[in-house]
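Participant: What follows is a single structure, and I will ask about it in a moment.
Where a number appears in this text, it was derived from the coordinates with a stated rule and is not lab data. Every value quoted in this text rests on a predicted model; they were computed, and no experiment measured them. Please note: Cβ atoms are built from the backbone with ideal geometry, for glycine as well, and neighbour counts cover all protein chains shown.
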Amino acid sequence: MVNPPWPLDWQRAWYRAREHVRVNGPVHGGDNLAGVPRRLERWLRHQITHYRELHEGQRQLLADLGLGHQEVERFHAWPGRRRPAADGLAAARVYVTRHGHLAVSWPTTAADGFALGRWLAVQRVRRHTSGHLTRLGRTLTGLDAWWNPPWSVQWQRMWWAARYRLAGLPEGCQWWPGAPETERSMTWLRRQRARRILLHPGQQQLLDALPQHTGAQTPALTASGRREVSDQAWALICPLMPLQQSAGGRWRDHRLLIDGIAHTARTDTPWRDLPAHYRPWQTCYRRYTRWLADGTLHQITALTLPTTDHEWQIAVARRLHRGS
């Protein structure tokens, strides 16, 4: 084709692709362009992305390479396919608008199925490997200055949770799936402030930027004798509790220990961080391991409890599943 109605650069790239096809056979969208040289792969992906905008003659030439309409559809249906950076940025903008940050976990996906968490993880690796801030990195930094922190993304996500629990969500934002509750966030914050000297200077600055919290803001942390388990739930749980052993000293109140176990599971905090009214934490932990071994805790999580007890019951069941 001497004078095509599209750019000559496109036609030259097509000739290079045709040479590859003559040697290796047609390309396929159903295998996510596996085995295609990197330069040719980028060109083909660009054609697939803008397929609807191509001239009918260009589509026919791509079909001569094996990349017809059906193969383009198969490419889009590929579950783990790589997608253009523009797709990632679009998903990142939507997430920031909705949740206020980009400290997302690996499994996070966008509404259209785009693997946003995995894509951001790849961008972080590329940023560390290149050693300089790319144009894509600068754009992401404009969306969230801490999208790529020098500490764990989990720490950064907890910091956002603590910030929003103290100052409130920005207008128009909403909590992300799995966001920690107030008590867990404040317990985490107290622990970070206690070990502040061990943290990265940037982490210290972020902690200092948070407003101070008081007991009025987090009554669940300061109210002594707080019951995790309701009276109605305890009436169902009590018959499952083992009887007082005849030998040894007096056992500590079963209900208080169940409260402590429920608190630890619900807030997902270490045993050592149990509030004072549940202590000593060693007793609570030993009873947890004993009731885990004899099946008592599994029976408790299988009970039909009041709605107000569902949160801690589900948290305990999740902890049992992890075996921790």
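Participant: Evaluate Rg over Rh across region 1-146, taking Cα atoms for both radii and Kirkwood's formula for Rh.
Facilitator: Numbers: Rg = 17.8 Å, Rh = 17.1 Å.
Using Cα coordinates only, the ratio equals 1.04.
Participant: What is the helix-to-structure angle for 254-267, meaning the angle in degrees between its Cα long axis and the longest Cα principal axis of the chain, kept from 0 to 90 and rounded to the nearest 10?
Facilitator: For 254-267 against the chain, the angle is about 20 degrees.
Participant: Identify which of the listed values of Cα extents along the principal axes in Å was calculated from the structure shown: (i) 66, 46, 42; (ii) 72, 48, 32; (iii) 97, 42, 33.
Facilitator: Computed from the coordinates, Cα extents along the principal axes in Å corresponds to (iii).
Participant: For S130, S105, which order do you get if you count the other beta carbons within 10 Å of each Cβ and list the fewest first?
Facilitator: Starting with the residue having the fewest Cβ neighbours, the order is S130, S105.
Participant: Please name which of L236, P180, L305 has its Cα lying farthest along the dipole of the chain towards the positive end, using unit charges on Cβ (Lys, Arg +1; Asp, Glu -1) and the Cα centre as origin.
Facilitator: P180
Participant: Please state the charge dipole magnitude for region 153-209, taken about the Cα centre, from unit charges on C-beta atoms (+1 on K and R, -1 on D and E), reported in debye and rounded to the nearest 20. Before the final figure, lay out each step's value.
Facilitator: On the way: 9 positive and 4 negative charges, 60 e Å.
So the magnitude is around 280 debye.
Participant: If one takes the longest principal axis of the Cα atoms in the chain, at what angle in degrees, from 0 to 90 and to the nearest 10, does the Cα axis of helix 38-49 lie?
Facilitator: 80
Participant: In whole Hz, with x marking every Gly and Pro, tabulate ³J(HN,Hα) for region 276-282 from phi via Karplus 6.51 cos²θ - 1.76 cosθ + 1.60, θ = phi - 60°.
Facilitator: Here the 3J(HN,Hα) series is 4, 6, 9, 6, x, 5, 4 Hz.
Participant: For a quick check: sort D259, D208 by the number of other beta carbons within 10 angstrom, fewest at the front. Walk me through the intermediate numbers first.
Facilitator: Values: D259 23, D208 9.
Going from sparsest to densest Cβ surroundings: D208, D259.
Participant: Now for a separate question. What percent does the relative contact order of the chain come to when contacts are Cα pairs within less than 8 Å and at least six residues apart?
Facilitator: Numbers: 255 pairs, mean separation 35.1, N = 324.
That works out to 11 percent.
Participant: Work out the charge dipole of the chain with +1 on the Cβ of Lys and Arg and -1 on the Cβ of Asp and Glu about the Cα centre, then indicate which of Q282, S105, L120 is farthest towards its positive end.
Facilitator: Positive-end residue among those listed: Q282.
Participant: Still on this model: So if I take the centroid of the Cα atoms in region 155-212 and the same for region 57-73, what is the distance between those two points in Å?
Facilitator: 51
Participant: I've got another one for you. Quick check: pseudo-label points 7 Å beyond the Cα along Cα→Cβ at C238 and T129, how many nm apart are they?
Facilitator: 6.2
Participant: Treating the angle as unsigned and between 0 and 90°, give the value, to the nearest 10°, between the Cα long axis of helix 182-194 and the longest Cα principal axis of the chain.
Facilitator: 90
Participant: Still on this structure: Using θ = phi - 60° and the Karplus form 6.51 cos²θ - 1.76 cosθ + 1.60, what ³J(HN,Hα) does each residue of region 64-72 get, whole Hz, x for Gly and Pro?
Facilitator: 5, 7, x, 9, x, 4, 5, 5, 5
Participant: Assuming a viscosity of 1.306 mPa s and a temperature of 10 °C, what translational diffusion coefficient in µm² per second does Stokes-Einstein assign to region 153-209, Rh being the Kirkwood radius over Cα pairs? Don't skip to the answer; put the middle values down first.
Facilitator: Working: Rh = 11.8 Å.
D, rounded to a whole number, is 134 µm²/s.
Participant: Show me the ranking of peptides 151-159, 164-172 by mean Cβ neighbours inside 10 Å, starting with the highest.
Facilitator: 151-159, 164-172
Participant: Between A86 and R191, what is the spin-label point distance in nm, taking each point 7 Å from the Cα along the Cα→C-beta axis?
Facilitator: 4.4
Participant: Then there's this: Arrange the following residues from fewest to most other Cβ atoms within 10 Å of their Cβ: D64, D231.
Facilitator: D231, D64
Participant: Residue by residue, what Karplus-based ³J(HN,Hα) values in Hz, rounded to whole numbers, does region 292-298 have, using 6.51, -1.76 and 1.60 with θ = phi - 60° and x for Gly and Pro?
Facilitator: Running phi through 6.51 cos²θ - 1.76 cosθ + 1.60 with θ = phi - 60° gives 5, 5, 8, x, 4, 5, 5 Hz.
Participant: What is the magnitude of the charge dipole of region 1-132 about its Cα centre, with +1 placed on the Cβ of each Lys and Arg, -1 on the Cβ of each Asp and Glu, and no other charges, expressed in debye to the nearest 20? Could you put the intermediate results ahead of the total?
Facilitator: Working: 20 positive and 11 negative charges, 118 e Å.
Around 560 debye, computed over region 1-132.
Participant: Evaluate the charge dipole of the chain about its Cα centre and quote only its size in Debye, nearest 20, assuming +1 on the Cβ of each Lys and Arg and -1 on the Cβ of each Asp and Glu.
Facilitator: On the way: 45 positive and 25 negative charges, 226 e Å.
Computed about the Cα centre, the dipole is about 1080 debye.
Participant: Can you compute the FRET efficiency between A209 and V94 using 1/(1 + (r/R0)^6), with r the Cβ-Cβ distance and R0 = 22 Å? Round to the nearest 0.05.
Facilitator: 0.25
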